[in-house]
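The values are calculated or read from the model by the stated rules, or taken from the named source; none is laboratory data. Please read these numbers as outputs of a predicted model, since none were measured by experiment. Cβ: placed from backbone, ideal geometry, glycine included. Neighbour counts: every protein chain shown.
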Amino acid sequence: MVNVPIRLLIAASGTGGHLFPAIALAQELPDYQIEWLGVPDRLETQLVPQQYKLNTISVEGFQKGFGISSLLTLGKLIGSVLQVRKLLQTGKFQGVFTTGGYIAGPAVIAARSLGIPVILHEANALPGKVTRFFGPWCSVVALGFEVANKYLPRAQTIYTSTPVRSQFLASGIEATLDLPIPENVPLIVVFGGSQGAVAMNKLVRQCATAWFDVGAWVVHLTGDNDPEVDSLKHLQYICLPFYNNMAALLRRANLAISRAGAGSLTELAVCGIPAILIPYPFAAEDHQTYNAQVFTSVGAALMFKQSELTAEKLQTEVLRLLQSPQKLQAMGEKAKAIALADSAQKLAQLVREVVER
């Protein structure tokens, strides 16, 4: 008798924070036949098709208030549920995995209407509205941060941490850092997640000269929508829109300045990197602040609200940390205790238990 591989539909869309954990999970299920559910013109159209078949639907979030746009969004949601339902039936899928966001709604509704188990992974400390609403519908909600459990009283939850890309794990270390940075200089890495961070970039450029004066180098990942990207030139300053080998870069870093998206924070934690966190102020329900508080509460990071952070303040805090290697080391050790390096394996085992039982 021939063993037919289990078929799993992964619904993950939008940002690296939603996609990278899902890709890391998929790589831990090599015996599964996996297809993807995404949205046209989002990051998944670049990352997924070379590895998995990508199916797309048109879906978006409900805006505040009720009006014509809400009715149109509702119509799209109903249409997308029917699309996903047909996909699940014709593809004979036995399970659905999702990382939340807009794409999760139709995926969860369609799967549950067919009696197909759903595993939802919530990476944020404050679960999103979709997770809070649909969590009880799912077979289980896997948590990136243990604190998220208190916001999901009616859902079955389990803490798994958040999977990181394979390059961050010892078995998947890629080539050494291919940037011209001297060995013994302090390195500050600045990044705003997969979306970039224009306001944060501006602050950093105003401060950087003082950091160069004490011998520090800066690798600044600006994203691709910063109009002032070429305004600072210095031998000790490397400016790139993105950098693929983030694991090697973070392992070399002495300090990170970052937004507080769950994916970025998990990567910092796995690498044991101390950080100054500047949560994105317009994130839904200010969820990045909740993420950052997980790190500040144990002394792994400093957090500053963007609206209250001046260039002078940022410049001073970075200089203070650079002058205290022991403090940086202690912060890094506390960061490392936050995330589980084997999260992808734990999540894969959970998927197997739910889908195969």
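Sort out for me the helices (runs of 4 or more DSSP H) sitting completely within the range 1-110 that have 1 or more residues that are of a type in the set (Asp, Glu), at pLDDT 95 or above and within 25 Å of the chain's Cα centre (by Cα).
Here the list is empty.
Quick one: in the range 300-311, of everything that is in contact (Cβ under 8 Å) with a residue 24 or more places away in the chain and assigned to a helix (DSSP H, G or I), which residue is farthest from Ile338 (Cα to Cα)?
So, considering only residues that are in contact (Cβ under 8 Å) with a residue 24 or more places away in the chain and assigned to a helix (DSSP H, G or I), the one farthest from Ile338 (Cα to Cα) is Ala311.
Which members of the range 15-34 meet the condition of being more than 24 Å from Leu340 (Cα to Cα) and surrounded by 19 or more Cβ atoms within 10 Å (Cβ to Cβ)? Show your work before the answer.
Start the filter on the range 15-34 by keeping residues that are more than 24 Å from Leu340 (Cα to Cα), which leaves 33-34.
Across the range 15-34, the qualifying residue is only Ile34.
Does the range 313-324 hold any residues that are part of a helix (DSSP H, G or I) and free of Cβ contacts under 8 Å to residues at least 40 places away in the same chain, and which are they? If you could, list the steps in order and put the result at the bottom.
To start, the set of residues in the range 313-324 that are part of a helix (DSSP H, G or I) comprises 313-322.
Once the filter is applied, which keeps residues that are part of a helix (DSSP H, G or I) and free of Cβ contacts under 8 Å to residues at least 40 places away in the same chain, the range 313-324 yields Lys313, Thr316, Arg320.
For the range 278-289, give me each residue that is in a helix (DSSP H, G or I) and either crowded, with 24+ Cβ neighbours inside 10 Å or under 14 Å from the mean Cα position of the chain (by Cα) (or both).
Step one: list which residues in the range 278-289 are in a helix (DSSP H, G or I), which gives 284-289.
Residues satisfying the conditions are His287, Gln288.
So in the range 201-230, with the set limited to residues that are in contact with a Phe, Trp or Tyr (Cβ under 8 Å, 6 or more places away or on another chain) and assigned to a loop (DSSP other than H, G, I, E, B), which one is farthest from Ile188 (Cα to Cα)?
Filtering first and then ranking leaves Asp224.
Taking strands (runs of 3 or more DSSP E) that do not extend beyond the range 113-160, which have at least 3 residues that are among the acidic types (Asp, Glu) and surrounded by fewer than 24 Cβ atoms within 10 Å (Cβ to Cβ)?
Numbers: elements: 118-122, 140-143, 157-159.
Strands (runs of 3 or more DSSP E) meeting the threshold: none at all.
For the range 237-269, which residues satisfy the criterion of being surrounded by fewer than 19 Cβ atoms within 10 Å (Cβ to Cβ) and assigned to a loop (DSSP other than H, G, I, E, B)?
Pro241, Phe242, Tyr243, Asn244, Asn245
Of these, Ala275, Ala216, Ala210, which one is at pLDDT 95 or above, crowded, with 24+ Cβ neighbours inside 10 Å and of a type in the set (A, V, I, L, M)? Spell out the reasoning first.
Details: Ala216 fails: crowded, with 24+ Cβ neighbours inside 10 Å; Ala210 fails: crowded, with 24+ Cβ neighbours inside 10 Å.
The match here is Ala275.
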